[in-house]
Amino acid sequence: MKKHLQNEVIIKNGAIFIADAHENEQRRGFWNFLCALKEGKVKTSQLFLMGDIFDLLIGEISATHNFAKKYIILLEELSNDVEIFYLEGNHDFNLSYFFKKVKIFPLKKQPLKAIFYTEKGEKIDFFLAHGDIFLNPFLGFILKNLRRHSLLCFLNFLNKITFDFISKRILENQKKKNLFFKINNFENLIYQRYEKYNTNNAWVIEGHYHQNFILNNENIKYFNLNSFAYKESFFVVEYSQEIKFQEQNLRGQNV
């Protein structure tokens, strides 16, 4: 294997990718996954969490902390043996407030550039992102400003004095949200997004859209992950003659 820079993110054979678990009081599949990882029923040395793992988890919004507390403790514990990367989504952000061992990548550090080295030392480039980048300027402006510390502290104050009205309303609306819809003509959107990454034959992996859709040809290498909340499925990177993403289901791991 070729030598690599210390700050390079190296994707290992067998790395697991999970996106959009949207964990909440009614949905605990990601908790079951973490327990399976701890118990050795699921095995990996590397875990990429591609954002929106929680329906709502924000560093400054205290009402979102209690539900996630046991997840945070377990993720930190698992980080002693598993390299965990957490790319923030649009439902979970400012996560450095919680984690010391899990490696956090906020929106401003996405896409995350990563490399996979084959056994022959050949390098395969990757760009990783939750998927809420390269949006239209207005929506991008809103999402960027929603992450501002001062604004979130003010919203946290409002939430407290209204007995968590804001956070409860958001979570109630999330329960009604359809996480499993198919986007018409999604392939056309992929080509538009891939072009904005300005990459030459690198893999782009995103969540956010929940489509479980892959394109791998001469012009584009793109994979949009399924929502883990849908069928509790995650994806394992494997390499023989080429990069492949093997879908596995939590229920198939004797869990």
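Tabulated results
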| quantity | calculated |
| --- | --- |
| Cα gyration tensor shape for the range 71-112, rounded if a/c is under 1.5, else prolate or oblate | prolate |
| Kirkwood hydrodynamic radius (C-alpha pairs) into Stokes-Einstein, the range 141-181, 10 °C and 1.306 mPa s, D in µm²/s | 136 |
| Full-extension gain in nm, Leu135 to Cys153, via 0.36 nm per residue minus C-alpha separation | 3.9 nm |
| Projected area, mean over directions - the range 35-104, Cα convex hull, nm² | 4.3 |
| Length gained when the stretch Lys100-Leu189 is fully extended (0.36 nm per residue, less Cα-Cα span) | 28.4 nm |
| D (Stokes-Einstein, µm²/s), Kirkwood Cα radius, the chain, 0.890 mPa s at 25 °C | 129 |
| Residue-normalised accessible area of the chain, expressed per residue, 1.4 Å probe, Å² | 53 |
| Where only alpha carbons of the range 1-70 are counted, the Rg and the Dmax (Å) | 15.1, 46 |
| Gyration tensor over alpha-carbon atoms, the range 161-200, equivalent ellipsoid semi-axes in Å | 36, 16, 5 |
| At 1.002 mPa s and 20 °C, Stokes D of the range 212-255 from Kirkwood alpha-carbon radius, µm² per second | 183 |
| Ordering of 207-218, 16-27 by packing [mean C-beta count within 10 Å, highest first] | 16-27, 207-218 |
| Ratio of Rg to Rh over the range 123-243 (Cα coordinates, Kirkwood Rh, two decimals) | 1.06 |
| Spatial extent of the range 174-224: Rg and Dmax, with the Cα atoms as the point set, Å | 12.2, 40 |
| Placed amide H near Asn90: partners under 5 Å, 5+ positions off or other chain | Asp52 |
| Overall form of the range 65-139 per C-alpha gyration tensor (a/c, 1.5; a/b vs b/c) | oblate |
| Largest-first ellipsoid semi-axes for the range 95-155, taking √(5λ) over the Cα gyration tensor eigenvalues, angstrom | 31, 17, 5 |
| Sparsely packed chymotrypsin sites (Phe, Trp or Tyr not before Pro) within the range 123-178, loop by DSSP, other Cβ within 10 Å at most 15 | Phe134, Phe163 |
| For the range 15-55, convex hull of alpha carbons as volume per residue, Å³ | 53 |
| Nitroxide proxy distance, nm - points 7 Å out along Cα→Cβ at Lys120 and Ile161 | 6.6 |
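The values are calculated or read from the model by the stated rules, or taken from the named source; none is laboratory data. Because the structure is predicted, anything quoted here is derived from the model rather than measured. We place every Cβ from the backbone using ideal geometry, glycine too, and count neighbours over all the protein chains shown. We work out accessible area using only protein heavy atoms, side chains counted, and drop any ligands, DNA or RNA first. Shrake-Rupley method; radii C 1.70, N 1.55, O 1.52, S 1.80 Å.
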